[in-house]
């Protein structure tokens, strides 16, 4: 059942929005069993292109985050449930007046739950002040595949990232212990954007993390996917016995998604026990 709350804003305030979702297993079919929302965050009706696994699209009608906005998304996947969440378009952090725009995403998986978090890229406009946190909390035997893509500036429009800032955090915890912790800060015009140990002059960075099955690097034939080219780079690494990390640097969001989707298609059958089934919205 959806519960809608009226958004109350005062002059000069940004959007304050929250969305809470709960997925449950109903006789082998995962359903959206709970939804509450406040402000301009919502979801489309779930699609079922592969049987009992829903593909759900997150919606943010304003189209982007500006200074003073605060968006919070929480998703809980109950025991034995399996959901795939994506977005129909790129997210955006717009140029702001000095105030910070905040996005918080918290994902919880119960025992035996599976979640695929495959959102489209986030574009950080020049002059944005952005703060992004994604925290994933896993049970002992839950399984997760997720990625995040961020583009600094708008290269296609001739806009770089000469000023502004982005603080980005991706955290994965299992039973209260850290599995993967990554914290990054990008300053407009800073050395991180051009240094070889940073973005190497490439505007787009993406990370895929998969947790739940050991020895994927060999069994899924992933070593052959790593490469280094002046315009894009990809690496696949096993951090722990059942933690896989793929990193990508490049120039085009569509190309980044294609590269990560190739990795996802190889590991999904082993982690989720299902062949790859891309969300239809990726092709629109």
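Bear in mind that the values in this text are calculations on the coordinates, not laboratory data. Given the structure is predicted, the values throughout are model-derived calculations rather than measurements. Here Cβ is always computed from backbone atoms with ideal geometry, including for glycine, and neighbour counts include all displayed protein chains.
Miscellaneous remarks
- The chain - mean residue ellipticity at 222 nm from DSSP helices (-39,500 (n - 2.57) per run, n ≥ 4, rounded to 500): -2500 deg cm²/dmol
- Legend: P(r) of region 46-180 from all alpha carbon pair distances, 5 Å bins from 0, whole percents, reading 2, 10, 18, 20, 17, 13, 10, 6, 3, 0.
- Between 32, 204, 181, the Gaussian network model of the chain with springs among Cα atoms under 10 angstrom shows the greatest mean-square fluctuation at 181.
- In summary, the convex hull built on the alpha carbon positions of region 199-284 has an orientation-averaged projected area of 5.8 nm².
- Rg over Rh, two decimals, region 135-256 (C-alpha only, Kirkwood Rh): 1.00
- Percent of Cα-Cα distances greater than 25 Å, calculated over the chain: 46
- Residues 124, 136, 53, 228, sorted so that the one with the fewest Cβ neighbours within 10 Å comes first: 228, 53, 136, 124
- Computed from the Cβ-Cβ distance with R0 of 30 Å, the FRET efficiency linking residue 192 to residue 217 stands at 0.60.
- In percent, rounded to a whole number, the relative contact order of the chain is 12, using alpha-carbon pairs under 8 Å and six or more apart.
- Counting only DSSP beta bridges with both residues in the chain, the antiparallel share comes to about 45 percent.
- With neighbour counts taken as other beta-carbon atoms within 10 Å, the residues 99, 20, 183, 259 rank, fewest first, as 183, 99, 20, 259.
- Cβ crowding within 10 Å ranks 147, 282 as 282, 147, fewest other Cβ atoms first.
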